[in-house]
């Protein structure tokens, strides 16, 4: 079994990574998981969080706001929005959080407190706030 696998991370704006990695910690919608070479094929939705990449060339963390990951012989992550953690400023976080708040309000009005869609939007907003707290950004600005 190989010690590395191909990893690709793309968002609508750009390709963020394409390299050989030894492991990637993924913030899955149903729980965190770690993809390593030889992992069973899986497709999972992402929740907002930190994607941690371990590579022979060094480790890198990325902020993702959603999307999905497909594991097979390699790992492809298609993120709704992604950027290297060291590029996430308080202003960029505030913008992402405002989008989540707006979406929650829109869904709440459209579905008039129907449990499924409103709960999903509330969970997304909660995950955004938790992600900010995890990396030391203030969600209460």
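If residue 83 satisfies all but one of (1) outside any helix (DSSP H, G or I); (2) loosely packed, with under 15 Cβ neighbours inside 10 Å; (3) touching a strand residue (DSSP E or B) at 6+ places or on another chain (Cβ under 9 Å), what's the number of the condition it fails?
(2)
Looking at segment 121-141 only, could you name the residues that are loosely packed, with under 13 Cβ neighbours inside 10 Å and without any contact (Cβ under 8 Å) to a residue 12 or more places away in the chain?
Correct list: 133, 136, 140.
Give the residues of segment 19-33 that are exposed (fewer than 12 other Cβ atoms within 10 Å of the Cβ) and modelled with pLDDT of 95 or more, sorted by residue number.
none
Which one of the conditions (1) farther than 22 Å from residue 6 by Cβ; (2) in contact with a strand residue (DSSP E or B) (Cβ under 8 Å, 6 or more places away or on another chain); (3) outside any loop (DSSP other than H, G, I, E, B) does residue 129 fail to meet, given that it meets all the rest?
Checking residue 129 against (1) farther than 22 Å from residue 6 by Cβ; (2) in contact with a strand residue (DSSP E or B) (Cβ under 8 Å, 6 or more places away or on another chain); (3) outside any loop (DSSP other than H, G, I, E, B), the one that fails is (2).
The values are calculated or read from the model by the stated rules, or taken from the named source; none is laboratory data. Keep in mind that this is a model prediction, so the values were computed, not measured. All Cβ positions, even for glycine, are placed from backbone atoms using ideal geometry, and neighbour counts span all protein chains on display.
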